[in-house]
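The values are calculated or read from the model by the stated rules, or taken from the named source; none is laboratory data. All figures in this text were calculated on a predicted structure; none of them were measured in a lab. Every residue, glycine among them, receives a Cβ derived from its backbone with ideal geometry; neighbour counts consider all protein chains shown.
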Amino acid sequence: MEVTNLTKRKLIDKTNSTIVIAVSIAAFLTIFSLVATKVLVSQIAYQNRVINKKQLAEKTLKNNITTADQLKTSYDAFADTTQNIIGGLTSGSGANDGANPKIILDALPSSYDFPALTTNLELLATQNAKLTSITGTDDEVAQATNTSSTNPQAVAMPFELTVSGNYDQIQKMVSATERSIRPIKYNSMEVSGEKDELTLHVVAETYYQPAKSLKVEMEVVK
């Protein structure tokens with residue numbers, strides 16, 4: 001009788017052990033399947049995000065290529081003209097002559113070039129009156145680091161100009177600065193002397209604008 005009970009107990013223990021092992025294996029497989037499924041779903045979602053970003057980048061690149069071609073066509077038409085935008089000849093050497101791209105660059109240069117400014121002002125002055133003085137601050141060294149930006153802003157270049165002449169010459173000088181390809185803002189103007197011998201002193205400023213830089217960014221898809 002005792003032998004039979006021992007045998008039954010052993011069988012029960014063996015069965016329980018088998019059940020525990022089976023349940024453990026089933027639980028392990030279930031947990032493994034859930035973790036693997038979560039990882040797989042996460043990888044699929046990540047790959048979809050990468051694909052979407054690549055498709056967006058490709059679309060943007062194609063649009064940029066199309067825009068660049070249109071810009072080149074417009075630039076060629078703007079540059080290849082017989083008469084420039086200020087009424088001069090493209091290939092001439094007069095005060096109003098020159099190619100349109102050069103005129104635009106002269107109007108708003110990309111660097112603080114005070115000597116070039118004085119040359120331009122001297123040309124305007126001597127064509128219409130007698131130049132007495134041009135003064136200002138040559139801030140080229142301090143402005144050297146301000147060469148390019150993704151969002152460039154115009155920077156003032158202050159100067160003072162003094163010319164002399166009769167009334168008509170002074171009037172022509174003022175009109176010439178108003179028509180100058182460079183934007184010139186008068187802060188103050190003082191005229192002294194007699195009608196036939198006037199002196200004009202101007203405190204004014206023109207501008208330069210740093211070149212626009214293209215910033216290519218790298219994006220990490222998470």
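Counting only residues that are surrounded by 12 or more Cβ atoms within 10 Å (Cβ to Cβ) and at pLDDT 85 or above, which one in segment 79-88 is farthest from the chain's Cα centre (by Cα)?
83
Could you say whether any residue in segment 85-100 is touching a helix residue (DSSP H, G or I) at 6+ places or on another chain (Cβ under 8 Å) and not in a loop (DSSP other than H, G, I, E, B)?
Yes, segment 85-100 contains a residue that is touching a helix residue (DSSP H, G or I) at 6+ places or on another chain (Cβ under 8 Å) and not in a loop (DSSP other than H, G, I, E, B).
Would you confirm, using the coordinates I've provided, whether residue 13 is at pLDDT 85 or above, part of a helix (DSSP H, G or I) and among the acidic types (Asp, Glu)?
The answer is no for residue 13.
Inspect segment 58-78 for any residue being in a loop (DSSP other than H, G, I, E, B) and either under 21 Å from the mean Cα position of the chain (by Cα) or among the aliphatic types (A, V, I, L, M) (or both) and give the result as yes or no.
no
Assess whether residue 117 counts as being in the same structural domain as residue 149 (by TED's automatic domain parsing) and not aromatic (Phe, Trp, Tyr).
In short, yes.
Kindly check whether there is at least one residue in segment 104-115 that is surrounded by fewer than 13 Cβ atoms within 10 Å (Cβ to Cβ), free of Cβ contacts under 8 Å to residues at least 40 places away in the same chain and among the β-branched types (Val, Ile, Thr).
no
Identify, by number, the condition in (1) modelled with pLDDT of 85 or more; (2) over 16 Å from residue 184 (Cα atoms) that residue 128 doesn't meet.
Of the numbered conditions (1) modelled with pLDDT of 85 or more; (2) over 16 Å from residue 184 (Cα atoms), the odd one out for residue 128 is (1).
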